[in-house]
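To keep things clear, I will list the structure first and then write my remarks on it.
What follows draws every value from the coordinates through simple rules; no lab data is involved. Not measured: the values here are computed from a predicted model. Cβ placement follows ideal geometry from the backbone for every residue including glycine, while neighbour counts extend to all protein chains displayed.
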Amino acid sequence: MEADFSHVWQMWVVFGAIIAAIAAYASEDIPLEVTSLALVAGLLAFFHFFPVEAGSGNLLNPENLLAGFADPALIAVLALLVVGQGLFQSGALEDVAQLTNANAIRAPYLTLGVMLVVVLVVSGFMNNTPVAVIFIPVVSALAAKASISSSKMMIPLSYASILGGMTTLIGSSTNLLASGAASRAGLDRIGFFDFTIPGVFLAAIGIVYVAFILPRLMPARANLTEEMGGSGKQFIAQLQLGYGHPLVGSKATGGMFPSLKNITVRMVQRGERPFLPPFEDMVLRPGDTLIIAATRATLMEALKQEPDIFQGLIHQDGGPSDPDSDDEQRPVRDLMLAETIVAPGSRMIGRNIEQAGFRMETDCIVLGVQRRSRMIRTQMSDIRLEAGDVLLIVGNRQSVRGLRTSRDLLLLEWSATEIPHLSNARTAQIILGGTVVSAALGIVPISIAAVAGALAMILTGCLNIRQASRAIDRQIFLLVGAALALGTSLEATGGATFLAQQVILVFDGFGAAVVLSVFFLLTAILTNVLSNNATAVLFVPIAVSTASQLGIDPMVFVYAVIFAANCSFATPMGYQTNLLVMGPGHYRFSDFMRAGAPLVIILWLAFSLFAPWYYGF
């Protein structure tokens, strides 16, 4: 597909679409899926009425624009997500995780360093997200054993998994998608270990910072339960007042409810109408929903002294309390608070707490939901759960401990010595090994190996059809498909060539090494604003065009895109593993910038010095 500068105005429309897409993706005000679909629909309509004509017809007809959704690299990415979910469901890596946690008390930071190296190595051969999911509870247990804040360890975990993904073709979806984009540009297919040497070099430089410097620089933040009791910070809970509830008939005095000592009522929902403080002379009625705020200590004291007040909390599954239920006789002293994370691929994603049947499934109830380190202050019934959400739950000890075997929720309170042994673990390990070996030796293309591995996971019972379908991330599918359509449009309208010319025009006098360095930095910056996958797909055509105009091997610039697009360290939305650790680590946006920006700079400088020497220019 050749660029044609006679379509300059269409090229500028594509640039406008790219800018609009970046703004929409970065703002997060519009769901990613909606933005992706709108982008594809807009491109289809625009190039139908204003085609980019060539000898073979419209270069941007629906067949070409939609071809990305059937791209072998994208299919391989989705299939590897299923393989990774099979490893997670079967507990295939938990023995390894347990071994790395053996000396947690005596040498916690050394243990963390060893653990992060293990994560880095494993991430080179499977998708980063399930690796992070498996190790999040392990890191939490390590922090608890060593009396160290988990905030010092969670970001290093995410970064180690990203660094490991740079080392092989299947280490990251970014690598596979960049490889596919390079093939569409006419380059040879990238082999399994083709960029492993520079990848290992960058990963080794990065892991020194991540494992031995970063944990000591990260802030020490209390977890949810510590914050609620120790610091006096409050969390949000919900009370549903039924008939016979002791709070029915309570009247507000001076805007407060005297029967709720040391507990603040933030809102009373009556039917469709919300009432906000002050509640002057308001009388509570059956059917009212109270959104309350209290410290953990206050809540536990109230549960001991006046447990009847919290009937609506203990039975918040939406149904009436059963007076004959054993729950009514459960001693309050047996209740415990714990934190769980909604796992990627969980059945609860997209559902509210009642729809997920949380009480029935777990025999626990949710006190609060924290998303991206912020407590959500709306009714529980309005919250649709997302992967990475942190749930504060209450239940008896047996019920809470029972969550250790859950694959929908990750319990952050378990001990690594009590990891369950799951029967399919060995089978899943063999399937992963077969997938990696067949792809690495070139026996079959990576897309075939990945699809076969996903099928084997299902046929052997490592996961079922529903779990496999939940593992296929629709956001990745739509985002990458839309990005591929943009990349195709950019190339056909001459946009890729135009951008390459501008880069060369500004930096050509400094030599190819400087152009390569600048290209790496620009890609690394955008990957933290947009996404790693979309950035890789968009920049590969520009990379190929830039290298061709410089007269050097285009694969060098493609590798630069792969490494730079993986540098998603400086923002939480840059990579899914960053979002997963944001809740359990209780991070703010600024924490990722403070921790990740230096790592991006370190890797940029390392690549800028290493690549010209290694590739000989």
Here region 133-147 yields Karplus 3J(HN,Hα) values (6.51, -1.76, 1.60; θ = phi - 60°; whole Hz; Gly and Pro given as x) of 4, 5, 8, 4, x, 5, 5, 4, 5, 4, 4, 5, 4, 8, 6
Rounded to the nearest Å, the spacing of the alpha-carbon centers of region 113-128 and region 552-590 is 16 Å
How would you rank 75-85, 7-17, highest first, on the average number of other Cβ atoms within 10 Å across their residues?
75-85, 7-17
Ranked packing of 479-491, 388-400, most packed first, by mean Cβ within 10 Å
479-491, 388-400
Calculate one ³J(HN,Hα) per residue across region 548-565 by plugging θ = phi - 60° into the Karplus curve 6.51 cos²θ - 1.76 cosθ + 1.60, and present them in order as whole Hz with x for glycine and proline.
4, 6, 7, x, 10, 4, x, 5, 4, 6, 5, 5, 4, 4, 4, 5, 5, 5
Short version: ³J(HN,Hα) in whole Hz for each residue of region 430-441, in order, from phi by Karplus 6.51 cos²θ - 1.76 cosθ + 1.60 (θ = phi - 60°), x for Gly and Pro, what are they?
5, 5, 4, x, x, 5, 5, 5, 5, 6, 5, 7
Inter-part distance where region 511-525 and region 339-353 are each reduced to a Cα centre, Å
40 Å
Highest-first arrangement of 204-215, 465-476, where packing means the average Cβ count within 10 Å:
204-215, 465-476
Collect residues whose amide H, placed 1.01 Å from N in the peptide plane, falls under 5 Å from the amide H of MET267; neighbours closer than 5 in sequence don't count.
ILE291
Check: region 1-84 dipole with +1 on Lys, Arg Cβ and -1 on Asp, Glu Cβ, in debye:
40 debye
Against the 2.2 N^0.38 Å rule of thumb, the C-alpha Rg of region 498-562 sits at a ratio of 1.01
